[in-house]
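**Q** Please see the structure below; I have some questions.
The values are calculated or read from the model by the stated rules, or taken from the named source; none is laboratory data. Keep in mind it's a predicted model, so treat the numbers as computed, not measured. Here the Cβ positions follow ideal geometry from the backbone for every residue, glycine too, while neighbour counts run over all protein chains shown.
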Amino acid sequence: MIEMQNLWYAYPSGQTVLAGLNISIKRGEFVALIGQNGAGKTTFLKQLNGLLKPTSGVVKIAGMDTSRVKTAKLAQKVGFLFQNPDHQIFLPSVRQEIAFGPKNLGLPDEEVEARILQAAEAVGLTAVLDENPVFLSKGQRQRVAFASLLSMRPEILVLDEPTTGQDYRESIEIMEMVRELNEAGHTIIFVTHDMELVARYARRIILLRQGRVVVDGPVREVFYRPELLTATGLLPPQIVRLALMFGENSPLGRVLSVEEAYEAIVGWGGVAHDRCG
Ligand SMILES: Nc1ncnc2c1ncn2[C@@H]1O[C@H](COP(=O)(O)OP(=O)(O)O)[C@@H](O)[C@H]1O
Ligand SMILES: [Mg+2]
C-alpha cells in the first residue's frame with residue numbers, strides 16, 4: 001500500500017529531515033510511528049498524502065508515485081488527521097465540514113447525507129451537527145476533523161497525535177474507532193508519544209531518530225529491546241518494564257498488557273485465580 005524507496009527530504013531552508021528511508025507498509029497494517037520531538041514524524045506523514053514530495057527517492061501510495069499524481073487524487077486514498085484540528089476546519093457548521101470531502105468527490109446528495117450521519121454518529125457528534133465548530137471544545141473539534149476524514153472513507157488513515165489534548169476516556173474512544181476501521185481493512189499509521197496506546201493498538205512500530213529508522217518491527221519485539229527506546233528518550237509501557245525487571249527468564253514472558261500478565265500468572269497453576277476469586 002505504501003512504499004518508500006530511499007526517501008530523502010530537506011525543507012527549502014536546507015535542513016535534511018528524512019534521510020534515506022526504505023519502508024514498505026501493506027494493506028491492513030496498524031503502524032505506530034514514534035520518536036522524539038523533531039525526529040521527522042510529521043514530515044514523514046506529510047509524504048504520504050503528497051503534502052510534501054521527496055527531495056530524492058520515491059514514495060508510492062497504492063502504486064501511485066506521489067511526485068507524479070495530483071494531491072487531490074492521493075487525498076481519496078489517504079486521509080490525514082493533523083495534530084491541530086484547527087488546521088483543517090474551515091466551514092461554519094459541523095455538517096458542512098463533514099460534507100465537504102464527499103461533496104468534492106461528486107457523490108450524490110443522498111450518499112453525502114448518509115455519510116454525514118454515519119461519520120457524526122461514529123464520533124458522537126450527531127447532537128452538534130448544526131453548531132459552528134468554533135464554539136466546540138478542542139476535543140470536539142478533533143472529532144469534527146476525524147469525522148471529516150471518515151466521511152471520505154479513505155483506505156489509508158494517517159493520524160498525527162490523534163489523542164493529544166484528549167482525556168484518557170476520549171483517547172480510548174478515538175483509538176477504538178481507529179481499531180474498528182483497521183478491522184474493516186483500513187491501513188493505519190499514527191504518531192503518538194503514548195507507549196501504552198502503542199502497546200494496546202498498534203502491531204508494528206517504526207522508531208525514527210533524526211530522520212532515520214532506528215528500528216522497525218512488531219510491537220512486542222521492539223518493546224522488549226528497551227535499549228533502542230531509551231536511546232531516544234522513550235520508555236516502554238509500565239507492564240513491559242515490570243516484565244523486564246525479571247530479566248531474561250521473566251515468568252511473565254514478553255507481555256504487552258496487564259491482561260496478558262494476569263493470564264501468564266494464572267498459567268502458573270491457578271494460584272492467582274484461587275486468591276483473586
Ligand atoms: N516547515 C518547515 N520548514 C523547515 N523546517 C521544518 C518545517 N517543519 C519541520 N521542520 C523541521 O524538521 C524537523 C522535523 O520536524 P517534524 O517532522 O515536525 O518532527 P516531529 O513530528 O517528529 O516532531 C525539525 O527539526 C523541524 O524543526
Ligand atoms: Mg510532529
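Every residue, every condition in (1) away from ligand 1 (no atom under 14 Å from the Cβ); (2) closer than 20 Å to ARG204 by Cβ; (3) of a type outside the set (D, E, K, R), yes or no:
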{"residue": "GLU3", "(1), (2), (3)": "yes, yes, no"}
{"residue": "ASN6", "(1), (2), (3)": "yes, no, yes"}
{"residue": "PRO12", "(1), (2), (3)": "no, no, yes"}
{"residue": "THR16", "(1), (2), (3)": "no, no, yes"}
{"residue": "LEU21", "(1), (2), (3)": "no, yes, yes"}
{"residue": "ALA32", "(1), (2), (3)": "no, yes, yes"}
{"residue": "GLY40", "(1), (2), (3)": "no, yes, yes"}
{"residue": "ILE61", "(1), (2), (3)": "yes, yes, yes"}
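**Q** Quick one: count up the residues across the stretch 50-81 that are of a type in the set (S, T, N, Q) and touching a residue at least 40 places away in the same chain (Cβ under 8 Å).
**A** Initial filter on the stretch 50-81 (of a type in the set (S, T, N, Q)): 55-56, 66-67, 71, 76.
Next, from what is left, pick out any that are touching a residue at least 40 places away in the same chain (Cβ under 8 Å): 55-56, 76.
Here the count works out to 3.
**Q** Another one. Of the numbered conditions (1) surrounded by fewer than 20 Cβ atoms within 10 Å (Cβ to Cβ); (2) in a helix (DSSP H, G or I), GLY165 fails exactly one; give the number of that condition.
**A** (2)
**Q** Output the residue which, of all residues in the stretch 218-256 that are touching a Lys or Arg at 6+ places or on another chain (Cβ under 7 Å) and within 23 Å of GLU183 (Cα to Cα), is surrounded by the fewest Cβ atoms within 10 Å (Cβ to Cβ).
**A** PRO218
**Q** Do the conditions hold for PHE30, that is, is it in contact with a Lys or Arg (Cβ under 9 Å, 6 or more places away or on another chain) and at pLDDT below 95?
**A** No.
**Q** I've got another one for you. Using the structure shown, decide if LEU52 is of a type in the set (A, V, I, L, M) and either more than 16 Å from ligand 2 (Cβ to nearest atom) or touching a Pro at 6+ places or on another chain (Cβ under 7 Å) (or both).
**A** Working: of a type in the set (A, V, I, L, M): yes; either more than 16 Å from ligand 2 (Cβ to nearest atom) or touching a Pro at 6+ places or on another chain (Cβ under 7 Å) (or both): no.
So LEU52 does not fit the description; no.
**Q** Right, here's the next one. For residues that are surrounded by 18 or more Cβ atoms within 10 Å (Cβ to Cβ) and modelled with pLDDT under 90, tally how many sit in the stretch 168-180. Spell out how you get there, then give the answer.
**A** Pass one, the stretch 168-180, residues surrounded by 18 or more Cβ atoms within 10 Å (Cβ to Cβ): 171, 174-175, 177-178.
Within this subset, residues satisfying the condition of being modelled with pLDDT under 90 are 171, 174, 177.
Counting residues in the stretch 168-180 that are surrounded by 18 or more Cβ atoms within 10 Å (Cβ to Cβ) and modelled with pLDDT under 90 gives 3.
**Q** Regarding PHE90, is this residue over 24 Å from GLU176 (Cβ atoms) and of a type outside the set (Val, Ile, Thr)? Quick ask: steps written out before the conclusion?
**A** Numbers: over 24 Å from GLU176 (Cβ atoms): yes; of a type outside the set (Val, Ile, Thr): yes.
Spelling it out, PHE90 is indeed over 24 Å from GLU176 (Cβ atoms) and of a type outside the set (Val, Ile, Thr).
**Q** Can you tell me which residue in the stretch 6-35 is farthest from ligand 2 (Cβ to nearest atom), limited to those that are loosely packed, with under 15 Cβ neighbours inside 10 Å and more than 17 Å from GLY217 (Cβ to Cβ)?
**A** Pass one, the stretch 6-35, residues loosely packed, with under 15 Cβ neighbours inside 10 Å: 6, 11-16, 22, 24, 26-27.
Now restrict to residues that are more than 17 Å from GLY217 (Cβ to Cβ): 6, 11-16, 27.
Numbers: ASN6: 23, TYR11: 14, PRO12: 18, SER13: 17, GLY14: 20, GLN15: 15, THR16: 17, ARG27: 25 Å.
Of everything passing the filter in the stretch 6-35, ARG27 is farthest from ligand 2 (Cβ to nearest atom).
**Q** Please count how many residues of the stretch 38-59 are crowded, with 17+ Cβ neighbours inside 10 Å and more than 19 Å from the chain's Cα centre (by Cα).
**A** From the stretch 38-59, those crowded, with 17+ Cβ neighbours inside 10 Å are 39-52, 54, 57, 59; that's our starting set.
Pick out the ones that are also more than 19 Å from the chain's Cα centre (by Cα) and you get 54, 57.
Of the residues in that region, 2 qualify.
**Q** Does VAL58 qualify as being β-branched (Val, Ile, Thr) and farther than 30 Å from LEU117 by Cβ? Please lay out each step first, then the result.
**A** On the way: β-branched (Val, Ile, Thr): yes; farther than 30 Å from LEU117 by Cβ: yes.
Yes; evaluated as a whole, the condition is true for this residue.
**Q** So which residues in the stretch 1-58 are among the small types (Gly, Ala, Ser) and in a loop (DSSP other than H, G, I, E, B)? Let's see the steps before the verdict.
**A** Pass one, the stretch 1-58, residues among the small types (Gly, Ala, Ser): 10, 13-14, 19-20, 24, 28, 32, 35, 38-40, 50, 56-57.
Result: SER13, GLY14, GLY28, GLY35, GLY38, ALA39, GLY40, GLY50.
**Q** Is it the case, given these coordinates, that PRO133 is more than 16 Å from ligand 2 (Cβ to nearest atom), in the same structural domain as TYR11 (by TED's automatic domain parsing) and touching an Asp or Glu at 6+ places or on another chain (Cβ under 9 Å)? Show your work before the answer.
**A** Working: more than 16 Å from ligand 2 (Cβ to nearest atom): yes; in the same structural domain as TYR11 (by TED's automatic domain parsing): yes; touching an Asp or Glu at 6+ places or on another chain (Cβ under 9 Å): yes.
Judged against the criteria, PRO133 is a match.
**Q** If I filter the stretch 162-204 down to residues being aromatic (Phe, Trp, Tyr) and in contact (Cβ under 8 Å) with a residue 24 or more places away in the chain, which single residue comes out as nearest to ALA62 (Cα to Cα)? Can you show your working first?
**A** Filtering the stretch 162-204 for residues aromatic (Phe, Trp, Tyr) gives 168, 190, 201.
With in contact (Cβ under 8 Å) with a residue 24 or more places away in the chain added as a condition, the list becomes 190, 201.
On the way: PHE190: 18, TYR201: 24 Å.
If we take residues in the stretch 162-204 being aromatic (Phe, Trp, Tyr) and in contact (Cβ under 8 Å) with a residue 24 or more places away in the chain, then PHE190 is nearest to ALA62 (Cα to Cα).
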